[in-house]
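Data block below; observations after.
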There are 2 protein chains.
Amino acid sequence: MAQAPEFPELAPHRAALRDFLAGQVDAFEPELRPMVRDVLAHPGKLLRPTLAFASAFDGATPSPEVVRGAAVVELVHLATLVHDDVLDGADQRHGSDTPNRTHGAHAAILFGDALFAHALVLAAELPTPDLCRLVATGAREVCSGEVCQTFSRGQADLAMADYRRHIRLKTAELFVAACRAGSQLSGMPAGSPHQEGCAAFALALGIAYQIYDDLADMLLSSASAGKTLGTDVASGKLTLPALLERERSGPEAVRRLLAGEDPRAVIAPATWRACLDQLESEIAAAERALAPLASAPGTPLLLRLTTFLRAAAAKVGAQAPR
Amino acid sequence: MAQAPEFPELAPHRAALRDFLAGQVDAFEPELRPMVRDVLAHPGKLLRPTLAFASAFDGATPSPEVVRGAAVVELVHLATLVHDDVLDGADQRHGSDTPNRTHGAHAAILFGDALFAHALVLAAELPTPDLCRLVATGAREVCSGEVCQTFSRGQADLAMADYRRHIRLKTAELFVAACRAGSQLSGMPAGSPHQEGCAAFALALGIAYQIYDDLADMLLSSASAGKTLGTDVASGKLTLPALLERERSGPEAVRRLLAGEDPRAVIAPATWRACLDQLESEIAAAERALAPLASAPGTPLLLRLTTFLRAAAAKVGAQAPR
């Protein structure tokens, strides 16, 4: 999913988001403003704001509260990227130098902290603590999932249930927070069929998205994915293909992968197919979660994300040995 | 201020704080719980919870809201320490191994993020967003101040006003957040003489505390301060003695300090005295801020902090060349 689907319906939403984010620069101390401008200058796919906007969508221009919610979720995501780039020693992100590259790891870690804290300041300017609770929880889960994955590196006996919990925390929970924030701020509270449907969609979509990402890391060439590939297993990170191959053929497969053998040689065609089946099953679960919301104006927008992910999955699947 | 003053009146408060914090361990994923236990096992001076409790003090046991506020401020502080220890490559803190030492920089950065996010989750469980706003703002200022100080390293023309702004952000603003949180959660809102008095006290105390810390870094022996000293100027960080000596004798003094000469040889006795005068003037300003709150039950507790800092300042002053 190197590119994101188009959302012409959300053009006014994205413009309002861009203006809101640009208006945050001056809230920071003068010394930090160039760093803030840098991370805002090269937006990524804006997947989390899209989830927030689609969950709040009623066909009209978005309310200031929904724009704020989308911005807060994106700022939390950007803060995690700033830290990820320090941890990975990454110099480039979205075709631009990272804060890690421009200002060094020391300033980049502290800047990521300040960015995250500012997101919570923005959330706390609303009359209720709902947005704070959603994004703080989402952020805690993202970071907890990353700690768990760091600890599980090279752990050949990593349980399948733990892998699934780790990707839920690392990726799906902030998707859930984005959808809940959009629903909540457009007047559809926790417990309402709308918010719960959107949250269930986001949970399955996030897991599907991370399974896709883990498969792409092993199967796509660097050029087509827009980032360095094959890095997971090289750093000892075991993902779905490795764990399913272990179930199929035994622990020797994991040993060979951790020793640096090419995943395409170690993992059997049946295992690649099983991975793609699990991915499709999560995509289908996401779509099923929206069935009760068939008449909501935002549902077609959310379904565009699963359609897009399914197409991206097919592309990755075509690269799997058969 | 290697030791903190005693607060027998706050014994029930500290016990409630300890219980509340211990109760947070299980809110984290199992993989993170040992890290949470580790940082809670060796509490520091608990200066920020003390400020929150003293600002809320009415002689009775603390309300659950005030205990929560004190815990949230302390968790934010602990999260910044986890990151500081990664940035400084520190292996020990409060006589115990740091997460950086035990789990490596990678996990420690992400764990600090999770700890900070959890603090905000706890704040967001209150019915209003006040505590979120106070601690998120305080945290943003701490991190911003640290970014500013990182950028100003080795900058021989650092303005005095910028030094003062940086120490306000880095240290005083979280003191302010602690006092405002205590006041707010005990029913004395922003704008009330009580909260504004406590906030003005905290601002001056925080600046005084950081000036003290900067002086101690140059003047105290490692043994009596409980940490490695002389590290500021060695890392290019210019503090009050350097800036006041530059005002007195010109830029050559700063050049000599940055070149590694002993501060005790470079900085004149008159400059050390001027530093101690500024420190005393901030302590006096903190005390004056409490004059309108003379009858508040917490005021004697807050004044114990200035008395203690004044005694610590005298000890440092006795080490200054004359």
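Key figures for this structure:
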{"read-out": "Qualifying residue in region B:47-67 (condition: crowded, with 21+ Cβ neighbours inside 10 Å, modelled with pLDDT of 95 or more, within 23 Å of residue B:137 (Cα to Cα) and within 14 Å of another protein chain (Cβ to nearest Cβ))", "value": "no"}
{"read-out": "Residue that is of a type in the set (Gly, Ala, Ser) and either within 20 Å of the chain's Cα centre (by Cα) or farther than 21 Å from residue B:172 by Cα (or both), where the choices are B:286, B:291", "value": "B:286"}
{"read-out": "Total residues in region A:124-150, condition more than 18 Å from the chain's Cα centre (by Cα), crowded, with 22+ Cβ neighbours inside 10 Å and at the interface with chain B (Cβ under 7 Å from one of its Cβ atoms)", "value": "4"}
{"read-out": "Selection status of residue A:121, more than 9 Å from chain B (Cβ to nearest Cβ) and assigned to a helix (DSSP H, G or I)", "value": "no"}
{"read-out": "Selection from region B:33-54 of residues that are assigned to a helix (DSSP H, G or I), out of contact with any His (no Cβ under 8 Å at 6 or more places or on another chain), of a type outside the set (A, V, I, L, M, F, W, C) and touching a residue at least 24 places away in the same chain (Cβ under 8 Å)", "value": "B:38, B:50"}
{"read-out": "Test: residue A:80 is assigned to a helix (DSSP H, G or I) and surrounded by fewer than 17 Cβ atoms within 10 Å (Cβ to Cβ)", "value": "no"}
{"read-out": "Verdict on residue A:90 being within 20 Å of residue A:34 (Cβ to Cβ), more than 7 Å from chain B (Cβ to nearest Cβ) and not in a helix (DSSP H, G or I)", "value": "yes"}
{"read-out": "Search result, residues across region B:154-185 that are outside any helix (DSSP H, G or I), within 19 Å of residue A:32 (Cβ to Cβ) and among the hydrophobic types (A, V, I, L, M, F, W, C)", "value": "B:158, B:159"}
{"read-out": "Criterion: at pLDDT 95 or above and either in contact with a Leu (Cβ under 8 Å, 6 or more places away or on another chain) or within 14 Å of chain B (Cβ to nearest Cβ) (or both) - qualifying residue of A:157, A:162", "value": "A:162"}
{"read-out": "Test: residue in region A:6-15 that is modelled with pLDDT of 95 or more, surrounded by fewer than 20 Cβ atoms within 10 Å (Cβ to Cβ), charged (D, E, K, R) and within 24 Å of residue A:138 (Cα to Cα)", "value": "yes"}
{"read-out": "Residues satisfying the stated conditions in region A:261-277, i.e. surrounded by fewer than 17 Cβ atoms within 10 Å (Cβ to Cβ) and in a helix (DSSP H, G or I)", "value": "A:264, A:265, A:269, A:270, A:273, A:277"}
{"read-out": "Selection count where residues are within 17 Å of residue A:86 (Cα to Cα) and more than 7 Å from chain A (Cβ to nearest Cβ), scope region B:104-118", "value": "4"}
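Conditions (1) of a type in the set (Gly, Ala, Ser); (2) free of Cβ contacts under 8 Å to residues at least 12 places away in the same chain; (3) within 24 Å of residue B:87 (Cβ to Cβ); (4) touching a strand residue (DSSP E or B) at 6+ places or on another chain (Cβ under 6 Å), marked per residue:
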site: A:77; (1), (2), (3), (4): no, no, yes, no
site: A:86; (1), (2), (3), (4): no, no, yes, no
site: A:90; (1), (2), (3), (4): yes, yes, yes, no
site: A:124; (1), (2), (3), (4): yes, yes, no, no
site: A:164; (1), (2), (3), (4): no, no, no, no
site: A:178; (1), (2), (3), (4): yes, no, no, no
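The values are calculated or read from the model by the stated rules, or taken from the named source; none is laboratory data. Since this is a predicted model, take the numbers as computed values, not measurements. Don't worry about glycine lacking a Cβ; one is built from the backbone with ideal geometry, like all the others, and counts go over all protein chains shown.
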